[in-house]
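The values are calculated or read from the model by the stated rules, or taken from the named source; none is laboratory data. Computed from a prediction, not measured in an experiment: that's the story for all the values here. When we count neighbours, we look across all protein chains shown, and the Cβ atoms used for this are built from the backbone with ideal geometry, even at glycine.
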Amino acid sequence: MDIITQTKARFSRFLAAFFRKRRARIGIYGPPNAGKTTLANRIVRDWVGETIGVVSEIPHETRRASRKTDIRIMDASGDSITIDIVDTPGVTTKIDYKDFLEYGLEREEAVQRAREATEGVAEAMHWLREDIDGVIYMLDSTEDPFAQVNIMMVGIIESRHLPVLIAANKIDLPDAMPQRIRMAFPQHPVVPISCVGGQSVEDLYTKMVQHFG
């Protein structure tokens, strides 16, 4: 390769890096109670000093998508990406008001919650179709990742040709098995983390910069 060809090649790589997309709208998706809002709160708190949503043991606590804009995430090398985080309601194939009764809610409130949760799933899917550049798919590593909703959702995300990063949450729990998630979705990078304890969250930030940048 002569000097002119080498110079052109270097210039082409420089232009590709310069114009590489460094801003993205990232949706956090996954089943109820996987830790989506906990992760969204940690990201926003770590980089902006705020929170984005309320966390509860009751499923479908997040019933409307919440967004926080202009979050600049940086990895250890100093590379960075500016993102908008969208915390979406938990996606499931079935929402039954009776499930909420188990948490002490009265029937009327349980019915209302189920209705709002159903609307929230529809809203989450709308965001996915229209306004998302990449997805963090959140899974509880103590649960079976081969559930129908996960296979369906990852398939839908792939059909949209969106970059996917899978967060295997709750590795601080004794029955966590993040390796099952790697087996279920070997086509996507999987980062085992604990949103509550903070284990390996820095690894997730590094992957976000690499994967969504």
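Scanning the stretch 127-147 for residues that are outside any loop (DSSP other than H, G, I, E, B) and not small (Gly, Ala, Ser) gives TRP127, LEU128, ARG129, GLU130, VAL135, ILE136, TYR137, MET138, LEU139, ASP140. Pairs are defined by a Cβ separation below 6 Å, a sequence spacing of at least 6 or placement on different chains, a first member in the stretch 117-139 that is in contact (Cβ under 8 Å) with a residue 60 or more places away in the chain and surrounded by 15 or more Cβ atoms within 10 Å (Cβ to Cβ), and a second member that is assigned to a helix (DSSP H, G or I) and among the basic types (Lys, Arg); the pairs so defined are MET138/LYS36. The listed residues are VAL154, VAL196, and the only one of them that is among the aliphatic types (A, V, I, L, M), surrounded by fewer than 19 Cβ atoms within 10 Å (Cβ to Cβ) and either part of a helix (DSSP H, G or I) or modelled with pLDDT under 95 (or both) turns out to be VAL196.
Tallying residues that are aliphatic (A, V, I, L, M), part of a strand (DSSP E or B) and in contact (Cβ under 8 Å) with a residue 60 or more places away in the chain within the stretch 70-84 yields 4.
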